[in-house]
1. So which residues in the range B:12-40 are within 14 Å of chain A (Cβ to nearest Cβ) and not β-branched (Val, Ile, Thr), if there are any at all?
2. Any idea which of (1) buried (at least 20 other Cβ atoms within 10 Å of the Cβ); (2) under 19 Å from the mean Cα position of the chain (by Cα); (3) at the interface with chain A (Cβ under 10 Å from one of its Cβ atoms) is the one residue B:47 doesn't satisfy?
3. Given the condition open to solvent by less than 40 Å² (accessible area, probe 1.4 Å) and more than 19 Å from the chain's Cα centre (by Cα), answer yes or no: does some residue in the range B:202-225 qualify?
4. Any idea which of (1) open to solvent by less than 50 Å² (accessible area, probe 1.4 Å); (2) over 22 Å from residue A:205 (Cβ atoms) is the one residue A:264 doesn't satisfy?
5. Please work out if residue B:154 is free of Cβ contacts under 8 Å to residues at least 24 places away in the same chain and crowded, with 24+ Cβ neighbours inside 10 Å.
6. Would you point out which residue out of B:65, B:76 is at pLDDT below 95 and of a type outside the set (Val, Ile, Thr)?
7. Could you check the range A:85-108 and list, in sequence order, the residues that are without any contact (Cβ under 8 Å) to a residue 40 or more places away in the chain, surrounded by 18 or more Cβ atoms within 10 Å (Cβ to Cβ) and at the interface with chain B (Cβ under 8 Å from one of its Cβ atoms)?
8. Restricting to the range B:246-261, what's the tally of residues that are more than 21 Å from residue B:119 (Cβ to Cβ) and touching a residue at least 12 places away in the same chain (Cβ under 8 Å)?
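The values are calculated or read from the model by the stated rules, or taken from the named source; none is laboratory data. Everything numeric in this text was worked out from a predicted model, so none of it was measured. Please note: Cβ atoms are built from the backbone with ideal geometry, for glycine as well, and neighbour counts cover all protein chains shown. Areas reflect the complete protein model, heavy atoms only, side chains present, ligands, DNA and RNA absent. Shrake-Rupley method; radii C 1.70, N 1.55, O 1.52, S 1.80 Å.
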Number of protein chains: 2
Amino acid sequence: MTTQQLITQIKKKQSFLCIGLDVDLNKIPQHLLEEEDPIFAFNKAIIDATHQLCVAYKPNTAFYEAYGIKGWQALEKTINYLNDKHPEIYTIADAKRGDIGNTSTMYAKAFFEDLGFDSVTVAPYMGKDSVEPFLAFEDKHTILLALTSNQGAFDFQTQTVDGVELYKQVLKTSKTWKNSENLMYVVGATKAEFLADIRQIIPDSFLLVPGVGAQGGNLQDVCKYGMTDAVGLLINSSRGIIYASQNDDFAQAAAAKAKELQLQMSEILNA
Amino acid sequence: MTTQQLITQIKKKQSFLCIGLDVDLNKIPQHLLEEEDPIFAFNKAIIDATHQLCVAYKPNTAFYEAYGIKGWQALEKTINYLNDKHPEIYTIADAKRGDIGNTSTMYAKAFFEDLGFDSVTVAPYMGKDSVEPFLAFEDKHTILLALTSNQGAFDFQTQTVDGVELYKQVLKTSKTWKNSENLMYVVGATKAEFLADIRQIIPDSFLLVPGVGAQGGNLQDVCKYGMTDAVGLLINSSRGIIYASQNDDFAQAAAAKAKELQLQMSEILNA
């Protein structure tokens with residue numbers, strides 16, 4: 001999917017919501033465990049109930065890998081279901097990969113070609129030749145970790161590198177990489193006060209913003225400092241939506257939570 | 001496996017060689033493509049021919065994920081084969097993972113529990129709470145990226161953070177994390193001249209050293225600056241060994257290359 005197609009969807013749906021599909025078998029309604037593929041059954045129900053309220057889904061690969069082959073099958077079924085039934089939806093493999101050149105190409109093939117995701121999250125620590133192999137794929141986005149939503153972000157990301165914080169160096173340096181127009185960035189909602197500075201460096205890039213809801217980030221603050229003329233934001237909520245209820249009504253409860261956020265987003269878009 | 005058990009194996013086999021199982025279907029002998037599981041067939045032949053010459057195997061997960069479910073099955077068969085037939089071998093999932101707390105726990109479960117690896121490589125960018133979940137597993141090692149073997153290492157890793165290079169900050173800071181005795185570090189052989197400095201900060205930790213051979217790193221230099229009284233090194237070679245021949249004799253050719261390195265290692269250990 002191109003950036004322009006994503007923007008069109010955002011305007012049409014009046015939503016820049018991304019729903020994180022981080023399925024933990026200990027947290028889903030217990031009757032689903034009797035299904036042949038409980039993870040996919042859960043995802044399908046969530047997708048069916050929420051796909052008109054969001055523009056993107058983001059499975060975090062850790063939650064699938066933890067269940068081995070069965071988990072990987074559930075991930076494959078989920079992305080195939082999205083691509084078949086809802087090709088207008090933007091898909092993010094939250095994989096946080098990154099390795100030396102030829103190995104990054106293998107990861108890019110895994111997520112862009114084999115699984116058919118629109119984008120993948122990538123860690124910047126190994127630098128240019130670990131990220132450019134992802135950027136080489138046309139109409140695919142590479143979402144680089146910049147300033148993450150967790151406490152550990154203060155260990156290295158906000159440390160000053162030659163007078164500039166490391167995450168700002170990542171933003172600046174990555175702009176010089178080949179096909180950098182295919183970059184988006186992860187910036188945690190818990191660090192909304194950093195967004196004004198970030199927009200100085202990358203005024204137009206899309207940001208994937210986790211941390212609204214369960215982690216305490218605030219939607220209004222993120223939009224105030226991070227929104228661009230072309231929106232430029234994908235706000236992710238995972239647990240706050242998918243675990244809104246652990247009972248039979250889990251899908252409706254998820255839809256209600258998603259609707260709440262979508263309405264707030266619609267208001268912001270029309271303000 | 002404990003560090004002490006690994007050291008015992010190194011002394012017994014007179015080898016601190018790790019063989020990287022980075023299987024690319026375009027590079028393996030073409031007759032193997034007729035096998036039901038070509039990747040596992042290749043790995044099994046390499047393992048059978050080389051297991052007495054090395055102490056560790058390191059599958060890079062990218063090369064398995066690129067082939068989807070079949071790739072993941074091949075990875076599972078490979079680690080099961082190693083754990084069943086050669087439990088004395090140390091196993092490394094070269095996955096370069098890292099995410100916020102609860103997600104890192106899922107990754108740790110995937111590699112330590114579901115697959116049964118002894119260790120996993122992890123990227124440090126997200127800081128303490130992304131790494132400590134891995135460190136919590138007893139008798140398992142977390143191998144943190146410090147200074148990698150690629151050119152991109154100079155983009156951020158060697159930049160000065162508050163007067164100290166980022167990779168040194170990673171070494172220093174990570175030593176303060178809970179269960180840090182379970183840490184090892186990745187330091188590329190292409191940067192052997194940095195090893196003396198690194199040993200000032202982490203005098204005893206094991207280092208996983210990629211980049212000898214195909215990437216141009218030199219074994220003697222790495223040992224001169226990086227070896228400790230308890231060896232403290234795992235030298236990885238992937239392509240240089242497993243693709244020594246693309247003909248029917250690939251396993252024997254791999255064993256010959258591994259033997260060459262093992263003999264050099266034995267000399268160094270007895271010098």
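1. If we filter the range B:12-40 for residues that are within 14 Å of chain A (Cβ to nearest Cβ), which is where we start, we get B:20-27, B:37, B:39-40.
B:20, B:21, B:22, B:24, B:25, B:26, B:27, B:37, B:40, listed by residue number.
2. Residue B:47 satisfies all of (1) buried (at least 20 other Cβ atoms within 10 Å of the Cβ); (2) under 19 Å from the mean Cα position of the chain (by Cα); (3) at the interface with chain A (Cβ under 10 Å from one of its Cβ atoms) except (3).
3. Let us first name the residues in the range B:202-225 that are open to solvent by less than 40 Å² (accessible area, probe 1.4 Å), namely B:202, B:205-212, B:217, B:219, B:222-223.
Filter once more, so that each one left must be more than 19 Å from the chain's Cα centre (by Cα): none.
Checking the range B:202-225: not a single residue is open to solvent by less than 40 Å² (accessible area, probe 1.4 Å) and more than 19 Å from the chain's Cα centre (by Cα).
4. Unmet condition: (1).
5. Here the answer is no, as residue B:154 does not meet what is asked.
6. B:65
7. Answer for the range A:85-108, where residues must be without any contact (Cβ under 8 Å) to a residue 40 or more places away in the chain, surrounded by 18 or more Cβ atoms within 10 Å (Cβ to Cβ) and at the interface with chain B (Cβ under 8 Å from one of its Cβ atoms): A:97, A:98, A:99, A:100, A:103, A:104, A:106, A:107.
8. Going through the range B:246-261 one residue at a time, the tally reaches 11.
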